[in-house]
Amino acid sequence: MALAVMLLNGASFHGACCRHRVLLSSLGPLLSNSKLYSSYRRPGAVPEKKLFWQNADFSFKKSIDHLKTHLSLLKKETQEYLKGPGGHPLNQHLLEQTRVLWQFRSQEDLNKWVISSDVEIGGKSKVYIKLGRNNQAALLYGTLNTEVPRDGETKYSGYCSMRSRPLVGSFNRKKYYDWSNFNSLYLRVRGDGRPWMVNIYTDPYFSHQKDDLYSYFMFTRGGPYWEEITIPFSKFFLSSRGRVQDNQHPVWLDKVRTLGFTIGDKVDGPFQLEIDFIGLLNDRAHKEKFAYEAYDKNTPV
């Protein structure tokens with residue numbers, strides 16, 4: 001990384017603007033996690049001048065502790081891999097009908113999720129999360145505000161969301177949820193009658209697919225009673241940067257990174273959603289493979 005930064009600084013020092021651009025584009029994947037390469041900054045915000053390595057801690061003792069932690073995690077992953085798919089015996093994996101992914105009974109369960117709102121782009125919506133009554137559910141609540149920030153660029157505002165943290169393996173490797181043995185998402189929730197969007201983000205095969213998202217609607221009926229909602233994966237449609245794509249295809253269930261919930265129904269006011277658990281279901285009665293028309297791009301003449 002230091003070599004990459006030296007190359008970029010050298011290019012700009014000699015005034016070779018074209019060479020600078022070529023180097024920046026070729027080193028893009030290397031710098032994708034740093035502040036030197038493309039990172040979103042809302043209009044009007046002052047760019048950060050602090051370089052990424054100035055926040056790093058080069059303590060030798062912490063490095064050794066970090067190495068021990070990752071080696072123990074690698075050992076655990078190896079044992080689970082040898083045991084069977086997902087750490088379960090093969091016969092149990094093949095016969096599994098349901099699986100609970102997340103349930104909310106402690107603060108540790110809440111820490112596996114991240115909340116966000118349009119405050120990131122200058123909006124005024126607010127969102128919070130806490131344990132519900134008797135620590136038996138997660139309570140997501142807040143206030144939606146559709147007032148557009150006066151920055152001259154943002155045209156729409158008014159959303160709040162809750163998203164699971166991505167799985168991270170030993171030595172910071174990407175890990176994925178493998179839901180290919182199931183065909184439906186199963187939730188027990190209690191809402192206030194407002195609609196939500198359920199979002200599934202999968203790891204892309206190519207860099208231009210990094211904004212792809214699979215979504216479907218979840219309608220809550222309100223009232224004092226809990227409801228159990230089943231959403232087949234065949235109903236999820238593909239969108240990119242908020243635009244529904246013409247070329248639709250099923251969710252890549254073997255490379256799921258995160259699951260999220262978003263409210264943005266353009267109605268100002270308070271909202272709340274209680275979630276008891278989120279799980280998977282293999283519904284043998286559901287035979288649909290994909291709910292939307294798929295176009296053949298290479299139609300034979």
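Values in this text are rule-based calculations from the coordinates and carry no lab data. Here the structure is a predicted model, which means the values were calculated and not measured. A quick note on method: Cβ atoms are made from the backbone with ideal geometry, for glycine too, and the neighbour counts reach across all protein chains shown.
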> HN-Hα J couplings of the stretch 168-177 from phi, Karplus 6.51/-1.76/1.60, θ = phi - 60°, integer Hz, Gly and Pro as x?
Replying inline: 10, x, 5, 6, 6, 7, 6, 10, 10, 7
>> 5 Å is the cut-off here: which amide hydrogens, built 1.01 Å from N in the peptide plane, fall below it relative to Q248, excluding neighbours closer than 5 in sequence?
In response: Y295
>> Modelling each spin label as a point 7 Å along the Cα-to-Cβ direction, I'd like the V267/Y292 distance in nm, to one decimal.
In response: 2.5 nm
> Roughly how many nanometres apart are two label points built 7 Å out from the Cα toward the Cβ at T69 and Y128?
Replying inline: 3.0 nm
>> Can you return the lysines within cross-link range of K61? Criterion is Cα-Cα under 24 Å, with same-chain partners fewer than 8 residues away left out.
In response: K75, K76
> Does the stretch 161-209 come out rounded, prolate or oblate by the C-alpha gyration tensor, with a ≥ b ≥ c the root eigenvalues, rounded set by a/c under 1.5 and, if not, prolate when a/b is larger than b/c and oblate if not?
Replying inline: prolate
> How large is ³J(HN,Hα) for each residue in the stretch 257-262, as worked out from phi by the Karplus curve 6.51 cos²θ - 1.76 cosθ + 1.60 (θ = phi - 60°), to whole Hz, x for Gly and Pro?
Replying inline: 9, 9, 10, x, 10, 10
> Taking K68 as the anchor, which aspartates and glutamates have their alpha carbon closer than 19 Å to its alpha carbon, excluding any fewer than eight residues away along the same chain?
Replying inline: D57, E77, E80
>> Let me check I've understood the local charge: for G193, count other residues with C-beta under 12 angstrom from its C-beta, Lys and Arg +1, Asp and Glu -1. What total comes out?
In response: 0
> Quick one: in the stretch 134-190, what % of C-alpha pairs are over 16 Å apart?
Replying inline: 72 percent
> With θ set to phi - 60° and the Karplus curve 6.51 cos²θ - 1.76 cosθ + 1.60, what are the ³J(HN,Hα) couplings of the stretch 61-75 in order, to the nearest whole Hz, using x for Gly and Pro?
Replying inline: 4, 5, 5, 5, 4, 5, 5, 4, 4, 6, 5, 5, 5, 5, 4
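What's the extension gain from Y176 to K62 if we count 0.36 nm per residue and subtract their Cα-Cα distance? Could you put the intermediate results ahead of the total?
Working: separation 114, 0.36 × 114 = 41.04 nm, distance 2.75 nm.
Length gained, Y176 through K62: 38.3 nm.
Could you work out how much longer the chain between V114 and Y205 gets when fully extended? Use 0.36 nm per residue separation minus the Cα distance between them, nm to one decimal. Walk me through the numbers on the way to the answer.
Values: separation 91, 0.36 × 91 = 32.76 nm, distance 2.46 nm.
Extending this stretch completely gives an extra 30.3 nm.
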> If you keep only loop residues by DSSP, which chymotrypsin sites (Phe, Trp or Tyr not before Pro) in the stretch 137-226 have at most 15 other Cβ atoms within 10 Å of their Cβ?
Replying inline: Y156, Y205, F206, Y225, W226
